[in-house]
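Scroll down for the structure; my scribbles are underneath it.
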Amino acid sequence: MYPGVRRAANARRTPISTVRAIGGITVTAQIIALCNQKGGVGKSTTTFQLGRRAVLRGRKVLLVDNDPQGNLTSVAAADVVDEDQAGLADALSARAPETIRDVIVPGVWPGLDVVPTSGTTLGYVRDELVIAGAGREGRLRDALTAVADDYDLILIDCAPSLDQLTINGLTAAEHVAIVTHSKLFSTNGLAELLKTIDNVRQYYNPALDVAGIIINQHEEKTVSGQTWVTELRTAMATRTDATGNPAPITVLAQPIPKRVSISDATEAARGLDEWGTAEARDLGSLYDDHLTALEGARS
């Protein structure tokens, strides 16, 4: 057992989302996993700012910190989460009695809750999952089923790896949003991630859909940045599946530029609309556009 339990007061409510089946389990909330096996591409920042835009729309939002680094928890949780406090690791571990409802904590805004990660326990659970038996890939999906009716939107911030934690995130999700650097785009690297997504779809989650690719920290004034974006859009527009059939993937229209105000606002646990500058407000509207595109993937 991992010690320390903290409960959030989650009132039952009527969600605005439609009901869908994920891995054969009926859920109400729209569940989106944000992933890339590369680190440093801004998945946690993107998850946090998308959560802010959803809250501003009146959504009830749950952020799931599925990364052992716990960066999302450090900015999204209303109070400091102690290293020995129960979190996602407990909800996933067969050795801990806590359910996911037991470990949810309030977020920094009304309407936002967080499944936190702190300390080293999620790393231990990742190792536990490696040697676990049948059903290990669906532990997060099964856990979220208990709270899915409490939320309109659940965003899963996945670890920068293609391990059992990320597979759990993909198995639990209805959609996946790939977050990438334009300058770090690699056809081989993205192909590896898409192969993992295809495998999850084949074996664990037939309904899993790639909602789109978010280009983050884009250096729009550099030749390399412009070149990478063009190559990415071309590669994804002409993509085919293993059988040679067209399988294009949407690259969301407007890249998120590399701006200090984004990192500063996020590190201060603030939405861009709260940061007080015209630039920050304009940047917030980009996340709003991306949220619209991701939510529209369900229709």
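The values are calculated or read from the model by the stated rules, or taken from the named source; none is laboratory data. Please read all numbers here as calculations on a predicted model, not as lab measurements. All Cβ positions, even for glycine, are placed from backbone atoms using ideal geometry, and neighbour counts span all protein chains on display.
Go through (1) in contact (Cβ under 8 Å) with a residue 24 or more places away in the chain; (2) farther than 20 Å from residue 160 by Cβ; (3) in a helix (DSSP H, G or I) one by one and return the number of the condition residue 193 breaks.
Of (1) in contact (Cβ under 8 Å) with a residue 24 or more places away in the chain; (2) farther than 20 Å from residue 160 by Cβ; (3) in a helix (DSSP H, G or I), only one is false for residue 193: (2).
Within the range 120-131, is even one residue under 18 Å from the mean Cα position of the chain (by Cα) and surrounded by 24 or more Cβ atoms within 10 Å (Cβ to Cβ)?
yes
Is it true that residue 75 is farther than 19 Å from residue 137 by Cβ and among the hydrophobic types (A, V, I, L, M, F, W, C)? Write out each step before concluding.
Values: farther than 19 Å from residue 137 by Cβ: yes; among the hydrophobic types (A, V, I, L, M, F, W, C): yes.
Judged against the criteria, residue 75 is a match.
Quick check: is even one residue across the range 273-294 surrounded by 15 or more Cβ atoms within 10 Å (Cβ to Cβ), part of a loop (DSSP other than H, G, I, E, B), free of Cβ contacts under 8 Å to residues at least 24 places away in the same chain and touching a helix residue (DSSP H, G or I) at 6+ places or on another chain (Cβ under 9 Å)?
There is at least one residue in the range 273-294 that is surrounded by 15 or more Cβ atoms within 10 Å (Cβ to Cβ), part of a loop (DSSP other than H, G, I, E, B), free of Cβ contacts under 8 Å to residues at least 24 places away in the same chain and touching a helix residue (DSSP H, G or I) at 6+ places or on another chain (Cβ under 9 Å).
Return yes or no: is residue 166 of a type outside the set (Asp, Glu), touching a Cys at 6+ places or on another chain (Cβ under 6 Å) and buried (at least 18 other Cβ atoms within 10 Å of the Cβ)?
Details: of a type outside the set (Asp, Glu): yes; touching a Cys at 6+ places or on another chain (Cβ under 6 Å): yes; buried (at least 18 other Cβ atoms within 10 Å of the Cβ): yes.
So residue 166 fits the description; yes.
Which residue is farthest from the chain's Cα centre (by Cα), if the candidates are limited to the range 189-209 and must be closer than 15 Å to residue 31 by Cα and loosely packed, with under 14 Cβ neighbours inside 10 Å?
206
Can you tell me which of 59, 53 is over 15 Å from the mean Cα position of the chain (by Cα) and closer than 20 Å to residue 176 by Cα? First the steps, then the outcome.
Values: 53 fails: over 15 Å from the mean Cα position of the chain (by Cα).
Every option except 59 fails the conditions.
Looking at the range 71-143, what helices (runs of 4 or more DSSP H) fall wholly within it and have at least 3 residues that are closer than 26 Å to residue 205 by Cα, of a type in the set (A, V, I, L, M, F, W, C) and at pLDDT below 95?
Numbers: elements: 71-76, 88-92, 100-103, 121-131.
Output list reads 121-131.
Could you list all residues from the range 258-272 that are surrounded by fewer than 16 Cβ atoms within 10 Å (Cβ to Cβ) and part of a loop (DSSP other than H, G, I, E, B)?
As a first pass, look at the range 258-272 and keep what is surrounded by fewer than 16 Cβ atoms within 10 Å (Cβ to Cβ): 260, 263-264, 267-268.
Selection gives 268 alone.
Residue under question is residue 220, and the condition is that it be of a type in the set (Asp, Glu) and part of a helix (DSSP H, G or I); does it hold? I'd like the intermediate steps shown before the answer.
Numbers: of a type in the set (Asp, Glu): yes; part of a helix (DSSP H, G or I): no.
So residue 220 does not fit the description; no.
Which condition does residue 85 not pass, out of (1) closer than 23 Å to residue 170 by Cα; (2) surrounded by 19 or more Cβ atoms within 10 Å (Cβ to Cβ); (3) of a type outside the set (Lys, Arg), if it passes all the others?
(1)
Tell me which residues, restricted to the range 72-86, are of a type outside the set (A, V, I, L, M, F, W, C) and in contact (Cβ under 8 Å) with a residue 60 or more places away in the chain.
Of everything in the range 72-86, those that are of a type outside the set (A, V, I, L, M, F, W, C) and in contact (Cβ under 8 Å) with a residue 60 or more places away in the chain turn out to be 82, 84, 85.
In the range 253-269, which residue that is under 26 Å from residue 211 (Cα atoms) and out of contact with any Leu (no Cβ under 8 Å at 6 or more places or on another chain) is modelled with the lowest pLDDT?
253
Please tell me if residue 102 is under 21 Å from residue 48 (Cβ atoms) and over 14 Å from the mean Cα position of the chain (by Cα). So that I can check it myself, show each step before the final result.
Values: under 21 Å from residue 48 (Cβ atoms): no; over 14 Å from the mean Cα position of the chain (by Cα): yes.
Answer is no for this residue.
Yes/no per residue for (1) at negative phi; (2) touching a helix residue (DSSP H, G or I) at 6+ places or on another chain (Cβ under 9 Å):
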residue	(1), (2)
68	yes, yes
82	yes, no
119	no, yes
122	yes, yes
129	yes, yes
141	yes, yes
156	yes, yes
159	yes, yes
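Considering only residues that are closer than 20 Å to residue 196 by Cα and part of a loop (DSSP other than H, G, I, E, B), which ones fall in the range 144-168?
Answer for the range 144-168, where residues must be closer than 20 Å to residue 196 by Cα and part of a loop (DSSP other than H, G, I, E, B): 159, 160, 161, 162, 163.
What pairs come up if the first residue lies in the range 217-245 and is among the β-branched types (Val, Ile, Thr), the second is assigned to a loop (DSSP other than H, G, I, E, B) and surrounded by 13 or more Cβ atoms within 10 Å (Cβ to Cβ), and their beta carbons are under 7 Å apart, counting only those six or more places apart or on different chains?
229/182; 229/255; 240/247
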